[in-house]
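The values are calculated or read from the model by the stated rules, or taken from the named source; none is laboratory data. Nothing here was measured: the structure is a model prediction, and the numbers come from that model. Glycine also receives a Cβ, built like all others from the backbone with ideal geometry; neighbour counts cover every protein chain displayed. The protein model used for the area step is the full one, side chains on, heavy atoms only, and it has no ligands, DNA or RNA in it. Shrake-Rupley method; radii C 1.70, N 1.55, O 1.52, S 1.80 Å.
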Amino acid sequence: MKIMILYIAAVFSFASLQANAKQSADSVIISTESPGGWMIRTNASVYQIILTKEGRVQQAYFGPKAQLAFHQKKINAADEIPVRGAFPTKTPLLEVVFADNVRDAELTFVNAEVLQIEGRQTLKITQKDKYYPLEIASFIRVLPEFDILEKWVAVKNTGKKNNIKIENLQSASISLPPDRYDLTHMAGAWGHEFQLRNTTLTEGVKTLQARDFKSFDNPNWFMVRPADETADVSGAAWFGTLQYSGNWRIDFDKAFNGRLQITGGINFWDTDWTLKPGTAFETPRFIVGYTRSGSEGAAQNLTAYIRKMVLPAPWRDKPKPVLYNSWYATTFNVNEEQQLALAEIAKEIGVELFVIDDGWFKGRNDDHAALGDWTVDRKKFPNGLQPMIKKINDMGMDFGIWVEPEMVNPNSDLYRAHPDWVFHFPNRTRHEGRHQLMLNLGREDVYRYLLKSLSTLLSENNIKFIKWDHNRTLSEPGWPDAPVNEQREVRIRYIANLYRLIDTLRTRFPDVQFEDCSSGGGRIDLGMLSRMDQAWTSDNTDPVDRLFIQYGYLSAFPANTMVSWVTHEDWHALKPGLDYKFDVAMSGVLGIGYDITKWTEEEKKLAKTKIAKYKDIRNLVQFGTLHRLISPFENNRSALQYIAGDQSSAVIFCYNMAEYLNGSTTQSQKAGILKLRGLDPGAFYNIPELNNVVYRGDFLMNVGIAWPVKGAYKSMILQIQKTKQ
């Protein structure tokens, strides 16, 4: 498509604006005359921007199309780029200090154009400071089929001699119509990730943020709904996330008049950026959407967007393999003989990818030493890794390996040679976490060392999968070797080089898949998922706990990224069966982490049957539309339904948790009915697991079937298929 450019002079003529815009019926960005500006359309929403006669660019409305006319009658606009300056009645997106120490900014409109960026219509609006050499361009990229906008900004110092200090630069600010709003977000800790929380937004500012490179406390996602709209499948919902993996923040600024401003981007806590003459700084993208289909519509739109637009090509469209990881079987005590013994059983039960975890590199016998020395331990593997890898490949499996590139043990050759390569401050303690320190990846020499080490590992061995771990939070973010005006830029430079490192490795080794891991789910976001094919959801593999963790995860991220293992772990001494563990793990990307050499023949037979079943339903799970039918947060059971895009088939995962005396609890007094969603109402569906009974789609959705699972911590997987009556 041709680039459509629209220039507007400083003296505005809204009539000529309308006339000059090249618009068509399929345009999602159209210029408007009264009021002058732009209307940005998705399937369900309208985002309206107006230009005032004084040269201000303002957001007038963001919400359902049906309510646009009502809100246009009483426009209560907010600046598209709120700045620190004039009256402090908003949360600023931009805060700068000019060379003469002026800390206020005052913007005026320069021009606008509609571009094609990555094949999508994108509105670019350029403003500048009225006096100082600062230019800021805001971008809105439209993905109408997902009801999603991507927003970001780029600032430039157009001067020739003076620096401009950026003290805060967010990616986007949006303003919602006056109303009472509830916020849904996630909270958690190690082993307790993705716990859903709901709170009413009262006057003031609510902040979700990360300040230590981890997002356990507040995973990077939100949903906002009017307070009286709580249905799962209907009602208004705004949702969003930030495509960034470092320190971030999202602020919800609620005014007394009901208006809600949402601002998100890099967390500039203890951070600034020096914008030198002629240079620019671009923020990460802030993803925001609107739906009339409730919390389920928000989850379905966002996860479809991630699955189809964010995950790396070409792997986004390929089913993820069933993997085995030997960590729980051998921990650090790895060698070729015992790994091959595990591989033989893994092959027998149907595993497609065999992964060695920690312990394979020189001197790594526990977590006290050797991290950072990425060469094969010849005491454990005298012939190197490749002979063992070839034997595993000959069994019909690919081979993968664990790394933790961003960390180093003080007891390592790397640290002894380069103690200055870690984050540190002079005269301050270097605090260790898990006996390790964090490398300062903002440094070019650290970047080059890691690129060379990992490239050597991948080029010398037929490795098809990397599990990329990150087990430590950030502390002492000092960089004493850097120029003083760059030292507080270190967090931003670190993430930029982390992305650069992964991107370069993916370019050099396009056949390698990558898994994001950070002590479990400590760094899962769209910045990583645009570079990683899947994510380790939690170090907690207890199947009952995983029902909660995975249900929360699926609010924001697609199932084909959600890695779930079958292991021995039983955090609550409930002794769930192996079949229950498999059924929980099969609702995402299936993995096995047991010491399978200790399995009985019966257990191996069960595992083989379950893996075969998973391969049969894998495309539905990984690429189907998810309907979360029953929440474990509200019931003592849970149900997930994945359905094909053509409504021809579906798979339903049904899980019991505790079971109580009938009538003794609120849950046990409810009718035990399971209602499905998303089916063709006039079609007939066969359910083999229920004696091949055939039901009409409308019956399954409106009347439902009896809950099919009996007994505490039991489960069942139902497959349904369109059939003739």
Pairing a residue in region 228-255 that is over 20 Å from residue 148 (Cβ atoms) with any residue that is among the aromatic types (Phe, Trp, Tyr) and open to solvent by 20 Å² or more (accessible area, probe 1.4 Å), where Cβ atoms lie under 7 Å and the two sit 6 or more apart in sequence or on different chains, gives 247/269
Starting from residues that are open to solvent by 20 Å² or more (accessible area, probe 1.4 Å) and either at pLDDT 50 or above or of a type in the set (Lys, Arg) (or both), keep the ones in region 1-27 and report whichever is nearest to the chain's Cα centre (by Cα). 26
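Quick one: which residue in 296, 344 is under 17 Å from residue 397 (Cβ atoms) and of a type in the set (Asp, Glu)? Before you say what the answer is, go through the steps one by one.
Working: 296 fails: under 17 Å from residue 397 (Cβ atoms).
Checking each option against the conditions leaves just 344.
For region 586-598, how many residues are surrounded by 17 or more Cβ atoms within 10 Å (Cβ to Cβ) and either β-branched (Val, Ile, Thr) or within 23 Å of residue 339 (Cα to Cα) (or both)? Don't jump to the end; show me each part of the working.
Narrowing region 586-598 to residues surrounded by 17 or more Cβ atoms within 10 Å (Cβ to Cβ): 586-594, 596.
Among the residues that remain, those that are also either β-branched (Val, Ile, Thr) or within 23 Å of residue 339 (Cα to Cα) (or both) are: 589-594, 596.
Total meeting the criteria: 7.
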Would region 339-353 turn up any residue that is on the phi < 0 side of the Ramachandran plot, part of a loop (DSSP other than H, G, I, E, B) and touching a residue at least 24 places away in the same chain (Cβ under 8 Å)? yes
So which residues in region 118-168 are in contact with a strand residue (DSSP E or B) (Cβ under 6 Å, 6 or more places away or on another chain) and basic (Lys, Arg)? 120, 124, 128, 130, 141, 151, 156, 165
Being open to solvent by 20 Å² or more (accessible area, probe 1.4 Å) and among the small types (Gly, Ala, Ser) narrows it down to one of 573, 559, so name that one. 573
Filter region 219-238 down to residues that are part of a loop (DSSP other than H, G, I, E, B) and of a type in the set (A, V, I, L, M, F, W, C) and give me whichever is most open to solvent (accessible area, probe 1.4 Å). 233
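For region 108-120, how many residues meet the condition of being under 15 Å from residue 27 (Cα atoms) and surrounded by 21 or more Cβ atoms within 10 Å (Cβ to Cβ)?
Here is the first cut: in region 108-120, the residues under 15 Å from residue 27 (Cα atoms) are 113-117, 119-120.
Remaining after also requiring surrounded by 21 or more Cβ atoms within 10 Å (Cβ to Cβ): 114.
Matching residues across region 108-120 total 1.
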All positions within region 192-236 that are touching a strand residue (DSSP E or B) at 6+ places or on another chain (Cβ under 7 Å) and aromatic (Phe, Trp, Tyr): 194, 221, 222
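For (1) open to solvent by less than 30 Å² (accessible area, probe 1.4 Å); (2) in contact with a helix residue (DSSP H, G or I) (Cβ under 6 Å, 6 or more places away or on another chain), each residue gets a yes or a no:
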| site | (1), (2) |
| --- | --- |
| 324 | yes, yes |
| 327 | no, no |
| 335 | no, no |
| 344 | no, no |
| 369 | yes, no |
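For (1) within 21 Å of residue 462 (Cα to Cα); (2) of a type in the set (A, V, I, L, M); (3) in contact with an Asp or Glu (Cβ under 8 Å, 6 or more places away or on another chain), each residue gets a yes or a no:
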{"site": "333", "(1), (2), (3)": "no, no, no"}
{"site": "337", "(1), (2), (3)": "yes, no, no"}
{"site": "353", "(1), (2), (3)": "yes, yes, yes"}
{"site": "365", "(1), (2), (3)": "no, no, no"}
{"site": "368", "(1), (2), (3)": "no, no, no"}
{"site": "391", "(1), (2), (3)": "yes, no, no"}
{"site": "421", "(1), (2), (3)": "no, no, yes"}
{"site": "425", "(1), (2), (3)": "no, no, yes"}
Search region 454-473 for residues that are surrounded by fewer than 20 Cβ atoms within 10 Å (Cβ to Cβ) and of a type in the set (A, V, I, L, M) and pair each with any residue that is modelled with pLDDT of 95 or more and assigned to a helix (DSSP H, G or I) when their beta-carbon atoms are under 8 Å apart and the residues are at least 6 apart or on different chains. 458/505; 458/508
Among the numbered conditions (1) open to solvent by 40 Å² or more (accessible area, probe 1.4 Å); (2) assigned to a strand (DSSP E or B), tell me where residue 132 comes up short. (2)
Is there any pair linking a residue in region 277-290 that is under 14 Å from residue 150 (Cα atoms) and open to solvent by 40 Å² or more (accessible area, probe 1.4 Å) to one that is polar (S, T, N, Q) and assigned to a strand (DSSP E or B), with Cβ under 7 Å and at least six apart or on different chains, and which? 285/171
Are there any strands (runs of 3 or more DSSP E) wholly within region 604-701 with 3 or more residues that are surrounded by fewer than 17 Cβ atoms within 10 Å (Cβ to Cβ), and if so which? none
When every residue in region 475-503 that is part of a helix (DSSP H, G or I), out of contact with any strand residue (DSSP E or B) (no Cβ under 9 Å at 6 or more places or on another chain) and open to solvent by 40 Å² or more (accessible area, probe 1.4 Å) is compared, the one farthest from residue 270 (Cα to Cα) is 503
Verdict on residue 81 being closer than 30 Å to residue 234 by Cα and modelled with pLDDT of 95 or more: no
